[in-house]
Amino acid sequence: MKKTTGTDRSVTRKWRPATQAVRGGTWRSEHGETSEALFLTSGYTYDDAQTVADRFAGEAEGMTYSRLQNPTVAMLEERIALLEGAAACRAQASGMAAMTAALLCQLSAGDHCVAARAAFGSCRWLVDHLLPRFGIETTVIDSADNAAWEAAIRPNTRVFFFETPANPTLDIVDMEFVCGLAKAHGIVTVVDNAFATSALQRPLEFGADVVAYSATKLMDGQGRVLAGAVCGKQEFIDEVLLPFQRNTGPNIAPFNAWVVLKGLETLSLRARRQSENALQLGEFVASRVPKILHPGLPSHPRHDLAAKQMDATGPIFAFDVESRARAFAVLDALELVDISNNIGDARTLLCHPASTTHAAMSEEDRADMGVTEGLLRINVGLEDPQDLIEDLDRALAAAAL
Ligand SMILES: *Cc1c(COP(=O)(O)O)cnc(C)c1O
């Protein structure tokens, strides 16, 4: 494999993100293929016994088994790391594999983790149910309240875990403050950056230690595969994450890694256009519904902070139509927009979190994090925004809005 086209860090680090997105991490085989090759192999063969012995001893470079390394997966990891500005990245089978690995690889019984209240349902499940089963204490707080982060710190606090913007209420965390606070107390911050991606927001620049992804969302961007990633310092990835990952096996399939690699080539274009469309649609929806949660609109309580932290506010926003009956009436009247709980897709998708992504939570926890019965979450795609406005216009009217 020729690595010269995109993996020499002294060269690729100097490239700007648009160049890295298309070329970073490209390894070319002796065939000189233009597009990245897809290595569907679980194992590797060796010319002689000493070669494999050296590789297993960590004394020679080279692949040994696809749970440990795979060329297609390695290309994806290199490209994500470059875009993120991270020293290293490891791809995972899904976003939840990434979140689970990022937390479990560094937390032990007796440790304490502080997590944001507003979060993807399964992220909350990890914090509320999985970690406590292993003797890890957890505290859930209002992530938009800086004082709450500070008040939650205990002598054994090891990790802060949050999303910004958060799913589905679009809460924005003050990363500079929260990451700075963590640093002062020797706490590791794990940021779930799925809603923004590095195309719109780079948490490491605000002091985050670990950035974890559902690459299923904007990175793939076309609703095809499940994927995830964890980025961080070399030492964290090599010495903390890798022993966990290599022995527990939440690895991404090479085919899925290849799909995400191709998705990254257009990530910035899609993220920016979808953000513009989401702003246009948001302004329309704001004129028709009682409440909208959109970090790109001045009505959002942390609109200025979002503008500081993000290049654009992303494809997702939420709005409240006051009751489940009305929310369902809107969904059932759609002609163009799909009813779907996925996000980051090039298609516009509308979903009712209380009965889907956050249905497994208790009613009390849902209310506490702002997932009301009338809340709808929209992922705005790449369609013509005028067509989307016309579809929502009709759907909102069908719900007497
Ligand atoms: C979707 C999502 C996840 C989970 O990712 P999967 O790829 O579905 O496992 C985690 N965090 C956030 C914020 C998400 O939106």
message: So the check is Cβ under 6 Å with 6+ separation or different chains; which pairs have a first residue in the range 145-173 that's closer than 30 Å to Pro315 by Cβ and a second one that's away from the ligand (no atom under 11 Å from the Cβ) and basic (Lys, Arg)?
response: Ile172/Arg302
- prompt: Only one residue in Ala312, Ala286, Ala329, Ala325 is under 23 Å from the mean Cα position of the chain (by Cα) and among the aliphatic types (A, V, I, L, M), so which one is that?
  reply: Ala312
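Conditions (1) touching an Asp or Glu at 6+ places or on another chain (Cβ under 9 Å); (2) closer than 23 Å to Leu305 by Cα, marked per residue:
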residue	(1), (2)
Arg90	yes, no
Ser94	no, no
His112	yes, no
Ala119	yes, yes
Leu126	no, no
Leu131	yes, no
Thr139	no, no
Thr157	yes, no
Pro168	no, yes
task: Take the residues in the range 145-195 that are of a type in the set (Gly, Ala, Ser) and within 16 Å of the ligand (Cβ to nearest atom), then tell me which one is farthest from Ala346 (Cα to Cα).
output: Ala166
field: Flag for Leu297 being in a loop (DSSP other than H, G, I, E, B), among the hydrophobic types (A, V, I, L, M, F, W, C), at pLDDT 95 or above and crowded, with 16+ Cβ neighbours inside 10 Å
entry: yes
task: Just name the residue that is nearest to Gly314 (Cα to Cα) out of those in the range 327-349 that are in contact with a helix residue (DSSP H, G or I) (Cβ under 6 Å, 6 or more places away or on another chain) and in contact (Cβ under 8 Å) with a residue 24 or more places away in the chain.
output: Thr348
field: Residue ID - nearest to Thr19 (Cα to Cα), chosen from residues in the range 196-248 that are more than 16 Å from the ligand (Cβ to nearest atom) and part of a loop (DSSP other than H, G, I, E, B)
entry: Arg202
- line: (1) assigned by TED's automatic domain parsing to the domain that holds Asp220; (2) in contact with a Lys or Arg (Cβ under 9 Å, 6 or more places away or on another chain); (3) assigned to a loop (DSSP other than H, G, I, E, B) all hold for Gln20 apart from (3)
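The values are calculated or read from the model by the stated rules, or taken from the named source; none is laboratory data. Only a predicted model underlies this, so the values are computations on that prediction, with no experimental measurement involved. Note: ideal-geometry Cβ built from the backbone for every residue, glycine included; neighbour counts use all protein chains shown.
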